[in-house]
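Encoded as structure tokens, the structure appears first; notes follow it.
The values are calculated or read from the model by the stated rules, or taken from the named source; none is laboratory data. In this text the structure is predicted, and so the values were computed from the model without any measurement. In case anyone asks, the SASA skips ligands and DNA or RNA and just uses the protein heavy atoms, side chains included. Shrake-Rupley method; radii C 1.70, N 1.55, O 1.52, S 1.80 Å.
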Amino acid sequence: MTAKVIMYSTSVCPYCRMAERLLAARGVENIKKILIDGNEELRTEMIEKTNRRTVPQIFIGDTHVGGFDDLSALDKAGGLVPLLQSA
């Protein structure tokens with residue numbers, strides 16, 4: 001699947017890896033990861049875009065999904081695959 005997925009992440013985040021696995025299980029082949037470890041400019045950019053301070057912060061197309069819990073809930077509700085297909 002060629003959905004446009006962007007994920008703000010850190011290199012040691014277990015929830016980021018769980019999000020990657022869930023997205024891969026739903027057919028996502030490429031995730032643009034923006035690592036914010038030690039980069040205050042990127043961290044500030046993430047906070048301004050999402051109004052959240054934790055990672056992961058996931059965007060599918062132009063839609064801010066949120067973190068792993070939000071992604072998982074969207075999947076369980078049956079909304080993840082349609083969102084990926086439309087992105």
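Only Cα sites of the chain enter the Debye sum here, all with the same form factor; the resulting log10 I(q)/I(0) across q = 0.14, 0.15 1/Å is -0.42, -0.48, listed in q order.
Per-residue ellipticity at 222 nm, computed for the chain from helices alone with -39500 (n - 2.57) per DSSP H run of at least four residues, works out to -13000 deg cm²/dmol. Where both bridge residues fall in the chain, DSSP classifies roughly 65% of the beta bridges as antiparallel.
How large, in percent, is the carbon and sulfur part of the accessible surface of region 20-87 at a probe radius of 1.4 Å? Heavy-atom surface of region 20-87 belonging to carbon and sulfur, 1.4 Å probe: 45 percent. In the elastic network of the chain, a GNM with C-alpha springs shorter than 10 Å, the most mobile of Ile36, Ile60, Ile47 is Ile47.
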